[in-house]
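**Student:** Below is one structure. I have some questions about it.
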Amino acid sequence: MYAFTFERPASTADAVKLAAAGGKLLAGGQTLLASMKLRLTSAEQVVDLGGIADLAGVKKDGNSVVIGAMTRHADVAKNADVKAAIPALADLANGIGDRQVRAMGTIGGSVANNDPSACYPSAVLALGATVHTNQRKIAADDYFQGMFTTALKDGELITAISFPAPKRAAYMKFKQPASRFALIGVFVAQTDSGVRVAVTGGGNGVFCHKGLEDALSKSFTPEAAAAVKIDAGELSSDLHASAAYRANLISVMTQRAVAKALA
């Protein structure tokens, strides 16, 4: 690991100033520190967001749950408001990585990093969440822009994410055994305006599957999901799974998610 200086600002404004000067933002450290250890990333200055109290915590806002960017996965998983309003989100958080990862990783760090196999992006997209930054609010449909790419600009910092409560929702993940990332993860959410189905682990980033959404909006049943043909043409293929295998997993995980949401 390269030599670097370490800063721990007490406010979002100070963190933004340090980031603008070239500092690397540190949330839970589950990606940045590992990359630095492998010398894939260098940083002359690391800016730890852990000292900014306003960035952590969960609160209700009408029909939505607002989760601070520095809220740890374990805290999302056990939070009473999240479990009551969106149990699927608590369940998703409880299945990320292992216990150590859940104790350190943060929702803001995951969404800012936008790993193509991360779990949280599927919940953000399926639930139609809003990403709050120090500058603006970004709708989920506008936020994710491909592998490790988001709508965030230089100097823009996620402060919170607000999730509207759905009528029903569930997340099912087929884990890659070593990393516990999603080989395929499917988040299904039924709302008053229809059904959203977000898939992670299938390609260059999280995406909604229109065919599944249309079918489940007409009939929210596992049978309706099973009848939808999943095209493997644009899915990724690697040493862990072929595109065809991932296509089959999308169908199976969607069916299981719908059954779980109905249970």
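**Student:** Hey, any hits in region 142-149 for a residue that's surrounded by fewer than 16 Cβ atoms within 10 Å (Cβ to Cβ), touching a residue at least 60 places away in the same chain (Cβ under 8 Å) and in contact with a Gly (Cβ under 6 Å, 6 or more places away or on another chain)?
**Tutor:** Filtering region 142-149 for residues surrounded by fewer than 16 Cβ atoms within 10 Å (Cβ to Cβ) gives 142, 145-149.
So of that shortlist, the ones also touching a residue at least 60 places away in the same chain (Cβ under 8 Å) come out as 145.
Okay, now just the ones that are also in contact with a Gly (Cβ under 6 Å, 6 or more places away or on another chain), so none.
Within region 142-149 (the criterion being surrounded by fewer than 16 Cβ atoms within 10 Å (Cβ to Cβ), touching a residue at least 60 places away in the same chain (Cβ under 8 Å) and in contact with a Gly (Cβ under 6 Å, 6 or more places away or on another chain)), the answer is no, since none of the residues qualifies.
**Student:** Identify the single condition in (1) within 19 Å of residue 125 (Cβ to Cβ); (2) modelled with pLDDT of 95 or more that residue 226 does not satisfy, given that it satisfies every other one.
**Tutor:** Failed condition: (1).
**Student:** Oh, and also: Identify the residue in region 192-207 that is under 15 Å from the mean Cα position of the chain (by Cα) and among the polar types (S, T, N, Q) and, among all such residues, is surrounded by the fewest Cβ atoms within 10 Å (Cβ to Cβ).
**Tutor:** 204
Each row is one residue, and each column tells you yes or no for (1) in contact with a helix residue (DSSP H, G or I) (Cβ under 7 Å, 6 or more places away or on another chain); (2) crowded, with 22+ Cβ neighbours inside 10 Å; (3) not assigned by TED's automatic domain parsing to the domain that holds residue 176; (4) not small (Gly, Ala, Ser).
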residue	(1), (2), (3), (4)
104	no, no, yes, yes
107	yes, yes, yes, yes
113	no, no, yes, yes
121	yes, yes, yes, yes
124	yes, yes, yes, yes
127	no, yes, yes, yes
152	yes, no, yes, yes
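**Student:** I'd like the residue in region 1-13 that is assigned to a loop (DSSP other than H, G, I, E, B) and touching a helix residue (DSSP H, G or I) at 6+ places or on another chain (Cβ under 6 Å) and, out of all such residues, is farthest from residue 33 (Cα to Cα). I'd like the intermediate steps shown before the answer.
**Tutor:** Kept after step one, since they are assigned to a loop (DSSP other than H, G, I, E, B), are these residues of region 1-13: 1-4, 8-11.
Going one step further and asking which of them are touching a helix residue (DSSP H, G or I) at 6+ places or on another chain (Cβ under 6 Å), we end up with 1, 8-10.
On the way: 1: 9, 8: 16, 9: 18, 10: 21 Å.
In this case the residue turns out to be 10.
**Student:** Related question: May I ask you to say which residue of 170, 160, 189, 225 is surrounded by 23 or more Cβ atoms within 10 Å (Cβ to Cβ), under 30 Å from residue 47 (Cβ atoms) and hydrophobic (A, V, I, L, M, F, W, C)? Please lay out each step first, then the result.
**Tutor:** Details: 170 fails: under 30 Å from residue 47 (Cβ atoms); 189 fails: under 30 Å from residue 47 (Cβ atoms); 225 fails: under 30 Å from residue 47 (Cβ atoms).
Going through 170, 160, 189, 225 in turn, just one is surrounded by 23 or more Cβ atoms within 10 Å (Cβ to Cβ), under 30 Å from residue 47 (Cβ atoms) and hydrophobic (A, V, I, L, M, F, W, C): 160.
**Student:** Given the criteria over 30 Å from residue 169 (Cα atoms) and part of a strand (DSSP E or B), does residue 16 qualify? Give the derivation first.
**Tutor:** Working: over 30 Å from residue 169 (Cα atoms): yes; part of a strand (DSSP E or B): no.
Against the criterion (over 30 Å from residue 169 (Cα atoms) and part of a strand (DSSP E or B)), residue 16 does not qualify.
**Student:** Looking only at region 19-41, which residues are in a strand (DSSP E or B) and of a type in the set (A, V, I, L, M, F, W, C)?
**Tutor:** To start, the set of residues in region 19-41 that are in a strand (DSSP E or B) comprises 24-26.
If the condition is that a residue be in a strand (DSSP E or B) and of a type in the set (A, V, I, L, M, F, W, C), then 25, 26 are the ones that fit.
**Student:** If you check residue 164 against the conditions, is it modelled with pLDDT of 95 or more and farther than 24 Å from residue 146 by Cα?
**Tutor:** Values: modelled with pLDDT of 95 or more: yes; farther than 24 Å from residue 146 by Cα: no.
When the stated conditions are applied, residue 164 does not pass them.
The rows are residues; the columns are (1) under 21 Å from residue 184 (Cβ atoms); (2) of a type outside the set (Gly, Ala, Ser); (3) modelled with pLDDT under 95.
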residue: 59; (1), (2), (3): no, yes, no
residue: 67; (1), (2), (3): no, yes, no
residue: 75; (1), (2), (3): no, yes, no
residue: 80; (1), (2), (3): no, no, no
residue: 85; (1), (2), (3): no, no, no
residue: 88; (1), (2), (3): yes, no, no
residue: 97; (1), (2), (3): yes, no, yes
residue: 109; (1), (2), (3): no, no, no
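**Student:** Those residues that are closer than 13 Å to residue 255 by Cα and either free of Cβ contacts under 8 Å to residues at least 24 places away in the same chain or surrounded by fewer than 18 Cβ atoms within 10 Å (Cβ to Cβ) (or both), I need them from region 208-219; list them, please.
**Tutor:** Scanning region 208-219 gives 213, 215, 219.
**Student:** How many residues does region 200-231 hold that are touching a strand residue (DSSP E or B) at 6+ places or on another chain (Cβ under 9 Å), aliphatic (A, V, I, L, M) and assigned to a loop (DSSP other than H, G, I, E, B)?
**Tutor:** 1
**Student:** Which members of region 59-81 meet the condition of being in contact with an Asp or Glu (Cβ under 9 Å, 6 or more places away or on another chain) and surrounded by fewer than 18 Cβ atoms within 10 Å (Cβ to Cβ)?
**Tutor:** 59, 60 - these are the residues of region 59-81 that are in contact with an Asp or Glu (Cβ under 9 Å, 6 or more places away or on another chain) and surrounded by fewer than 18 Cβ atoms within 10 Å (Cβ to Cβ).
**Student:** If you go through region 124-132 one residue at a time, do you hit one that is in contact with a strand residue (DSSP E or B) (Cβ under 6 Å, 6 or more places away or on another chain) and within 21 Å of residue 24 (Cα to Cα)?
**Tutor:** Taking every residue of region 124-132 in turn, at least one turns out to be in contact with a strand residue (DSSP E or B) (Cβ under 6 Å, 6 or more places away or on another chain) and within 21 Å of residue 24 (Cα to Cα).
**Student:** A further question follows. Name the single residue that is farthest from residue 101 (Cα to Cα) among those in region 12-45 being among the basic types (Lys, Arg) and at pLDDT below 85. Full working, then the answer.
**Tutor:** Pass one, region 12-45, residues among the basic types (Lys, Arg): 17, 24, 37, 39.
This time we only want the ones that are at pLDDT below 85, so: 37, 39.
Details: 37: 17, 39: 21 Å.
This residue is 39.
**Student:** Then there is this: Does residue 94 fit the bill of being closer than 20 Å to residue 257 by Cα and under 14 Å from the mean Cα position of the chain (by Cα)?
**Tutor:** When the stated conditions are applied, residue 94 passes them.
The values are calculated or read from the model by the stated rules, or taken from the named source; none is laboratory data. These numbers were taken from a predicted model, which means no experiment stands behind them. Glycine gets a Cβ as well: all are built from the backbone with ideal geometry, and neighbour counts include every protein chain shown.
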